[in-house]
Amino acid sequence: MNIILFGPPASGKGTQAKRLVEQGFTHLSTGDMLRAERERGTDLGKTVAEIMDTGGLVSDDIVIRLIEQEISKNPQGSFVFDGFPRTVAQAKALQAMMTSHGVFIDLVIRLDVDIDRLLSERVIARGRSDDNPKSFKKRLNQYIAETTPVAEFYRTKLASVPGMYPIEIVSKEIDKAIKIVRERD
Ligand code: ADP
């Protein structure tokens with residue numbers, strides 16, 4: 001089973017993805033992969049550093065390549081995608097690569113959150129270098145402009161989960177959505 005966790009920055013995708021790892025999923029976060037490239041000081045890391053810190057989107061080609069590398073290691077694995085796809089072009093590329101391996105996305109879970117509360121309650125607490133209010137606002141606007149259309153692309157697979165509740169409650173709602181799909185298939 002392959003899942004996409006969908007939602008604005010700081011909506012809790014990473015937190016929930018880590019919990020799904022305990023259930024056997026492989027967590028693929030393009031944000032984590034890009035941060036790892038920066039930490040290693042690779043050419044790619046140097047290329048993306050400024051874009052990330054100012055809240056821009058890294059090019060589709062780069063993130064698609066990163067994801068492709070991971071999927072091709074074990075195409076039949078159960079993946080939970082976090083922060084990818086962020087554009088319709090990325091969603092189409094993901095579909096093409098999965099189809100070529102005979103697998104597909106089963107479920108897209110959207111974490112519905114109160115965007116105004118995110119900035120004040122969550123973002124400052126994380127202390128990440130790209131989490132200053134200016135960069136965060138840009139990422140939020142980018143999400144609305146570039147990423148919201150991705151939900152439409154997956155409309156038949158979309159399940160909405162309320163994301164402003166405590167972590168364990170959100171987790172339970174996600175488990176319910178997964179169970180519905182497992183029992184249906
Ligand atoms: P958040 O969900 O809080 O925005 P992420 O860890 O998902 O944080 O992403 C951090 C940054 O990495 C983004 O602001 C962007 O610059 C870059 N990035 C991550 N995933 C993608 C992607 N799929 N496409 C383009 N850029 C990405």
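Overview of results
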| read-out | value |
| --- | --- |
| Segment 118-146 residues that are farther than 21 Å from Gly163 by Cα and touching a residue at least 60 places away in the same chain (Cβ under 8 Å), paired with ones that are within 10 Å of the ligand (Cβ to nearest atom) and charged (D, E, K, R) (beta carbon under 8 Å, 6 or more apart) | Ser129/Asp53; Asp130/Asp53; Asp130/Arg139; Ser135/Asp53 |
| Count of residues meeting criterion [among the acidic types (Asp, Glu) and under 21 Å from Leu158 (Cα atoms)] in segment 70-121 | 4 |
| Residue match in segment 113-131 (condition: modelled with pLDDT of 90 or more and β-branched (Val, Ile, Thr)) | yes |
| Counted residues, segment 62-90 - those being within 12 Å of Thr30 (Cα to Cα), assigned to a helix (DSSP H, G or I) and more than 10 Å from the ligand (Cβ to nearest atom) | 4 |
| Failed criterion for Asp43 (all others in (1) out of contact with any strand residue (DSSP E or B) (no Cβ under 9 Å at 6 or more places or on another chain); (2) in contact (Cβ under 8 Å) with a residue 12 or more places away in the chain hold) | (2) |
| Residues being without any contact (Cβ under 8 Å) to a residue 60 or more places away in the chain and part of a loop (DSSP other than H, G, I, E, B) - total across segment 1-22 | 1 |
| Answer from Ile105, Ile109, Ile124 - the residue that is over 17 Å from Glu146 (Cβ atoms) and part of a helix (DSSP H, G or I) | Ile124 |
| Selection from segment 58-91 of residues that are basic (Lys, Arg) and touching a residue at least 24 places away in the same chain (Cβ under 8 Å) | Arg86 |
| Residues of segment 9-28 satisfying the condition of being more than 10 Å from the ligand (Cβ to nearest atom) and more than 10 Å from the chain's Cα centre (by Cα) | Thr15, Gln16, Lys18, Arg19, Leu20, Val21, Glu22, Gln23, Gly24, Phe25, Thr26 |
| Residue in segment 95-110 that is surrounded by 14 or more Cβ atoms within 10 Å (Cβ to Cβ) and near the ligand (Cβ under 10 Å from one of its atoms) present | no |
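A quick yes/no check of all residues on (1) under 18 Å from Lys18 (Cα atoms); (2) in a helix (DSSP H, G or I); (3) within 16 Å of the ligand (Cβ to nearest atom):
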position	(1), (2), (3)
Lys92	no, yes, yes
Leu118	no, yes, yes
Lys134	no, yes, yes
Glu146	no, yes, yes
Ser160	no, no, no
Glu173	yes, yes, no
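The values are calculated or read from the model by the stated rules, or taken from the named source; none is laboratory data. Quantities reported herein were computed from a predicted structural model and do not represent experimental measurements. Note that we place each Cβ from the backbone using ideal geometry, even for glycine, and neighbour counts take in every protein chain shown.
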